[in-house]
Amino acid sequence: MCGIVGAVAERDVTPILLEGLRRLEYRGYDSAGLAVIDNATFDSANRIQRIRAPGNISRLTEIVNVHPIAGPIGIAHTRWATHGVPSESNAHPHIARGRVAVVHNGIIENHQTLREKQLALGYRFTSDTDTEVIAHQIDYYLGHGKDLPAAVRAAIGDFEGTYALGVISTVMPACLVAARRGSPLVVGLGIGEHFIASDVSALIPVTRRFIALEDGDLAVLHREKVCIFDADGIQVQREKLVSELTAAAVDRGKYRHYMEKEIHEQPHAIAETLEGRLHNGRVLEAAFGLGAAEIFDRIRAVQIIACGTSYHAGLVARNWFEGLAGIACHVEIASEFRYRHPVVRSDTLVVAISQSGETADTLAALRAASELGFGPSLAIVNVPESSLTREADLMFMTRAGPEIGVASTKAFTTQLVALLLLSLVLGRRCSLSQEKEEDVVTQLQALPRWCAAVLALNDRLQLLSHRFVHKHHALFLGRGVQYPVAMEGALKLKEISYIHAEAYPAGELKHGPLALVDAQMPVIAIAPNDDLLEKLKSNLEEVRARGGELYVFAGEAANVSSTPMVHVIDIPCVGENVSPIVYAIPLQLLAYHVALIKGTDVDRPRNLAKSVTVE
């Protein structure tokens with residue numbers, strides 16, 4: 001959730017910290033802060049300077065411009081509140097006795113027990129956060145003669161929960177210590193300077209060389225070197241990675257919002273997902289990793305675990321695995337999977353889906369599946385340096401590029417492409433014919449063009465969005481494979497416009513939801529020209545008969561007529577198997593324009609964060 005950044009250099013790091021926070025703002029925006037040591041040498045002049053502010057990064061920047069602070073070593077944080085309301089006192093960094101400053105992403109579950117012990121030792125608390133106990137615990141060990149790395153090592157041994165930490169201290173003013181357990185953290189490598197951050201996008205302006213810390217790692221950063229120690233305290237070498245990100249990739253460019261940019265990037269993103277993975281009308285199994293073919297030969301079922309939008313992608317894919325590939329598929333919300341008792345089959349492929357690859361519940365569910373005795377695992381992710389890529393047996397990169405907007409768009413459609421490719425390679429081992437696979441591959445190759453065609457509906461949807469401004473509720477309907485698309489459309493609308501929206505299978509209308517339908521309840525229906533179209537039309541007549549206003553996303557050949565209370569948005573005829581991907585895009589556009597008119601913060605909707613790295 002929260003974002004952290006830190007730096008040790010031969011120059012003033014304050015501008016680096018502020019720019020890093022700006023690039024991490026999608027991770028948290030309730031409050032922000034930074035701390036620097038103003039003279040990072042071993043003399044008595046060292047002191048920690050700190051500035052914190054509730055609200056977004058621009059507010060913090062304004063204060064720093066008026067009351068500048070500078071130093072060659074520092075840490076910074078943008079917060080998504082878990083413990084304690086958004087306020088200056090609860091903002092990070094937290095300081096203990098003027099000599100330790102800490103930034104933290106994660107949750108310390110035993111913070112109350114530690115707080116009580118620290119109060120008894122005379123420590124004074126100035127916040128309601130769980131993080132403040134971290135600073136005091138490190139200070140406690142410094143007071144018992146340990147140096148900063150040793151004090152951090154001792155303190156993390158007392159914590160229960162998850163953390164990514166950045167720590168500086170006047171005791172060792174030229175040293176930045178970082179540690180991680182369960183929350184993402186990378187080290188950026190420079191020349192005469194080194195950095196830490198929650199993800200690589202924060203540091204792209206200063207370096208493209210990174211080390212992804214593993215669970216239990218502790219890193220000690222000086223200007224001239226970086227030392228990494230594993231959970232047992234043994235110094236280790238971690239793989240150095242070169243990021244393919246560029247500074248331009250995480251800028252908005254000509255677009256007003258990141259979400260708008262990311263919606264319009266989908267034709268290109270999908271083309272990137274497909275690039276090099278199709279040949280002579282077939283899917284290349286090597287796209288799923290070394291040894292994928294041998295693993296897939298043993299698979300008789302699929303278990304998908306995911307959260308939020310990724311969960312909706314899994315629900316769409318279940319229709320492909322069972323209807324196209326002829327293989328049993330179960331889909332579960334990751335946070336629920338961990339706490340029930342699933343029937344374990346060792347020939348089940350566990351597919352974990354996450355844009356960031358750091359979703360805490362999905363990572364925990366993947367580990368639980370392994371412990372329970374499920375079969376091999378496949379991670380479908382967008383971030384190559386993520387935890388999920390290291391923990392799964394196989395990996396499929398969606399190559400969507402950076403997704404900054406909290407409401408997922410191109411991550412969703414590229415996940416669907418990845419899942420459709422997987423259904424084809426598994427299906428050829430079951431009931432899928434070569435002719436059918438070639439037909440679906442042809443549809444996939446045409447998909448970027450079809451997505452570009454539906455983006456041309458932008459102006460039409462912008463006009464329709466005005467009709468939603470004074471609505472408080474909306475109902476989304478779909479049938480078959482389009483029902484999860486309706487769920488995703490409802491999620492997009494509620495996420496960024498704050499209109500309460502729910503999705504139902506259209507056939508369930510008369511089992512309850514029809515009671516809600518009136519002239520004030522817009523009903524959005526997905527009506528491609530497929531085998532369920534006639535049944536869906538009957539459901540729409542039920543809405544019309546009760547005075548409901550309909551917005552129908554219909555295939556051009558669906559023969560749905562517009563009336564004053566029925567607004568038809570014609571969708572180009574597309575391949576049946578890729579239609580869920582195409583129909584998702586105009587729903588994203590509708591949600592975007594409704595939010596725009598309502599004046600909400602499109603890229604940073606209230607109470608939400610992009611990467612859910614805490615349970």
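If you wrap the range 271-341's Cα atoms in a convex hull and average its projection over all directions, what's the area in nm²? Spell out each step's value before the answer.
Numbers: hull surface 25.2 nm².
Averaged projected hull area, Cα only: 6.3 nm².
With a point put 7 Å past each Cα toward its Cβ, work out how far Lys510 is from Arg367 in nm, to one decimal.
5.0 nm
Using helices alone, what [θ] at 222 nm do you get for the chain, with -39,500 (n - 2.57) per DSSP H run of 4 or more residues, divided over all residues and rounded to the nearest 500? Don't jump to the answer; show the numbers that get you there.
Numbers: 18 runs with 204 residues, N = 615.
It comes out at -10000 deg cm²/dmol, rounded to the nearest 500.
Below 8 Å, C-alpha to C-alpha, sequence gap of six or more: please give me the relative contact order for the chain in percent.
Relative contact order here is 12 percent.
Would you mind checking Lys494/Lys535; Lys494/Lys598; Lys261/Lys492; Lys410/Lys492; Lys254/Lys410 for any pair whose Cα atoms are more than 21 angstrom apart?
Lys494/Lys535
Just to confirm my numbers, what's the Cα centroid distance between the range 135-154 and the range 498-522 in Å?
So the separation of the two Cα centres works out to 57 Å.
Suppose all protein chains stay in the model; what accessible area per residue would a 1.4 Å probe give for the range 94-173, in Å²?
36 Å²
Please sort through the DSSP H helices of the chain and keep those with an alpha-carbon extent of at least 24 Å along the long axis and a Kyte-Doolittle average not below -1.0.
410-427, 434-455, 579-598
Contour minus end-to-end for Arg340 and Thr563, with contour as 0.36 nm per residue of separation and end-to-end as the Cα-Cα distance?
The Arg340-Thr563 span can extend by a further 75.4 nm.
Can you tell me the accessible area per residue over the range 270-325, all protein chains present, probe 1.4 angstrom, in square angstrom?
Here the residues of the range 270-325 average 39 Å² of exposed surface.
First compute the accessible area of the chain with a 1.4 Å probe, then give the percent of it belonging to carbon and sulfur atoms.
49 percent
Expressed in nm to one decimal, what extension gain is obtained for the pair Leu241 and His279 from 0.36 nm per residue of sequence separation less their Cα-Cα distance?
Net length gain for the segment: 10.8 nm.
Over the range 427-560, what is the mean sequence separation of C-alpha contacts under 8 Å (at least six apart), divided by residue count, expressed as relative contact order in percent?
21 percent
So how far apart, in nm, are the two label points at Glu502 and Ala446 if each is 7 Å from Cα heading toward Cβ?
With each label placed 7 Å out from Cα toward Cβ, I get 3.8 nm.
How many nm separate the modelled label positions at Glu62 and Ala150, each set 7 Å beyond the Cα in the direction of the Cβ?
Label at Glu62, label at Ala150, 4.7 nm between them.
Note the listed values (1) 28.0; (2) 37.6; (3) 32.3, then indicate which one is mean projected area of the Cα convex hull in nm² calculated from this particular structure.
Looking at mean projected area of the Cα convex hull in nm² for this model, the match is (1).
The values are calculated or read from the model by the stated rules, or taken from the named source; none is laboratory data. Worth saying up front: this structure is predicted, and the values here are computed from it rather than measured. As a convention, Cβ positions derive from the backbone with ideal geometry for all residues, glycine included, and neighbour counts pool all protein chains shown. Please note that ligands, DNA and RNA were not included when accessible areas were found on the heavy atoms of the full protein model with its side chains. Shrake-Rupley method; radii C 1.70, N 1.55, O 1.52, S 1.80 Å.
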